[in-house]
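All remarks here apply to the structure that follows.
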Amino acid sequence: MKFVATFKTGALASALLLAVAAGAQAGTGPAEISAHARALQAQAINLDTHLDTPALFSQPGWKISDRHAFKDDGSQIDYPRMVEGGLDGGFWVIYTGQGARDEAGNLKARDAGLARLAEIREMVAANAGTFELATTADDAARIKAAGKKSVYISMENAYPLEHDPSLLSFYYRQGLRMISLAHIGHNDFADSAGMGVAPEGEHGGLSEKGRALVAQANRLGIVLDQSHASNAVFDQMLELSRAPIILSHSGAYDVFAHSRNIDDARIRALAKKGGVIQVNSLGGYLIDTGATPEYRAERRKVYASFGDRHELTAEEREQAKAKLAELDAKYGIRKADFDDYMRHLLHIIEVAGWEHVGLGADWDGGGGVDGYEDITALPKVVQALLDAGYDDRQVSAILGGNTVRLIREVQALADPEAVKAALE
Ligand SMILES: [Zn+2]
């Protein structure tokens, strides 16, 4: 047994902590899923707008067609578990961590983005009986009817385009239909929201280059994703974009004041312009876990002491888990659970209106909480929404209908000439 290796910073830690916490009872959501909830899900189009699973595609021995267990390798999505959880597909992410913003860094990012794009397309090609590339709003229903899972492609952090923004046309031709501008650090396109307290902006929102990218994404009918960017970027993107925008994986600032979350006034502004917010399940954004800089430093030391996590044996993995559990106890770390996730989701539905909310749990990118560890737990959200009083039409919209509508609207506002030029 090996650790899945390419989690983003902190994601492996979250995965391990969750594994440690597994078995807890309180706050872990509905124990039973009703026949009604299952039937509703079977009828709905269930999409998640931020699947970081492509980071696993290049891992030796890891296959999307195999069933994995979260407790064994920390992974949260694969074909058998998508079937069990009722997920019909979603946006599969080309993620690039923000690195040096010089020529060498930009070229490295360019290559990393292209490599990840190829890996996603190769996964689909190698699993043609179970997955299919999706590029239009109608594809989601068509692919579900064909008994397959849809693979829309998105990019998290436009860093791979810094060297040459015109590559966006190539990505579009290869299937890219959603893009976010920045990740946890500022880049040449936009300011980041940072990781807790918002850092001082560099561009005061979007740079000139960022504005040009927004305009080009509009022309091509690529959905603009504001998750991870600063509030100023939100305001400017909302103003500038001709099409409604998405927050592919975000939470509510008014529930937990973290710079990765968005406040109620902005949620209302998003909805007013026809946008959609997809609710994130990354524990550290949902609640104050009590993690201090000292705790994080000690945790990094534990990781360092275990060396290359690709090479860990099952025994070493258990040892790492035990050390992390010890550390959590020492610092009194609280773990987010299913109820914490629902608190954000229900709050956002109330503020935005059910027509403007969906799910972007950040699976395989640090998402998942106690009682909501992998995609097999998706029916719990369906049950919890029904229990909260939402009807079939509303729940179905939240599960994916709203995302499909957004894709349709954004593509309808594209410039046919620009699309034609990109496809040539
Ligand atoms: Zn993210």
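Read the figures in this text as sums done on the coordinates, not as results from a lab. Remember, it's a predicted structure, so these values are computed and weren't measured experimentally. Methodologically, a virtual Cβ is constructed for each residue, glycine included, from the backbone with ideal geometry; neighbour enumeration extends over all protein chains shown.
Worth pointing out:
- A cut-off under 9 angstrom between Cβ atoms defines the neighbours of Y372, and their net charge, with Lys, Arg +1 and Asp, Glu -1, is -3.
- Long-range HN-HN contacts of V357 with modeled amide H, under 5 Å: I277
- Point-to-point label distance, R101-Q59, nm (Cα→Cβ direction, 7 Å offset): 3.2
- Hydrodynamic radius (Kirkwood) for segment 341-389, which is based on Cα pairs only, to one decimal in Å: 11.6
- E32/E239 FRET efficiency (R0 45 Å; Cβ-Cβ; nearest 0.05): 0.45
- Springs between Cα atoms under 10 Å define the GNM used for the chain, and in it the highest mean-square fluctuation of N231, N218, N127 occurs at N127.
- Per-residue 3J(HN,Hα) values for segment 87-101, derived from phi via the Karplus relation 6.51 cos²θ - 1.76 cosθ + 1.60 with θ = phi - 60°, read 7, 8, x, x, 9, 9, 9, 8, 9, 10, x, 6, x, 4, 9 Hz in sequence order (x marks Gly and Pro).
- Of the trypsin sites (Lys or Arg not before Pro) in segment 204-261, the ones in a loop by DSSP (not H, G, I, E or B) with at most 16 other beta carbons within 10 Å are R242.
- The phi-based Karplus calculation (6.51 cos²θ - 1.76 cosθ + 1.60; θ = phi - 60°) puts the 3J(HN,Hα) values of segment 187-200 at 9, 5, 8, 7, 7, 8, 7, x, 10, x, 9, 4, x, 5 Hz, whole numbers, x for Gly and Pro.
- Cleavage-rule hits (GluC sites (Glu not before Pro)) in segment 182-272: DSSP loop, at most 12 neighbouring Cβ within 10 angstrom: E200
- Over the chain: Rg over Rh, Cα atoms, Kirkwood Rh: 0.94
- Gap separating the Cα centres of segment 37-99 and segment 108-137, nearest whole Å: 14
- Relative pair counts by distance (%), Cα atoms of segment 78-208, 10 Å bins: 12, 37, 29, 18, 4
- Its alpha carbons give segment 210-290 an Rg and a Dmax of 12.9, 44 Å.
- With contacts taken as Cα pairs under 8 Å at a separation of at least 6 residues, the chain carries a relative contact order of 25 percent.
- Computed from the alpha carbon atoms alone, the convex hull of segment 321-424 holds 171 Å³ per residue.
- Contour minus Cα-Cα distance for A325 and E424 (0.36 nm per residue): 30.1 nm
- Computed FRET value (nearest 0.05) for R393 with E202, which takes r as the C-beta separation and R₀ as 56 Å: 0.80
- Straight-line reach from K272: taking Cα to Cα under 17 Å and skipping same-chain neighbours fewer than 8 places apart, the aspartates and glutamates in range are D225, D235, E239, D263, D264, E350, E355, E409.
- Rg ratio (alpha-carbon, reference 2.2 N^0.38 Å) - segment 225-340: 1.39
- Remark: the chain carries a charge dipole of roughly 440 debye about the Cα centre, counting +1 on each Lys and Arg Cβ and -1 on each Asp and Glu Cβ.
- Each label point was placed 7 Å from the Cα along the Cα-to-Cβ direction; for E355 and E84 their separation is 3.8 nm.
- Cα pair distances exceeding 19 angstrom across segment 143-293, given as percent: 52
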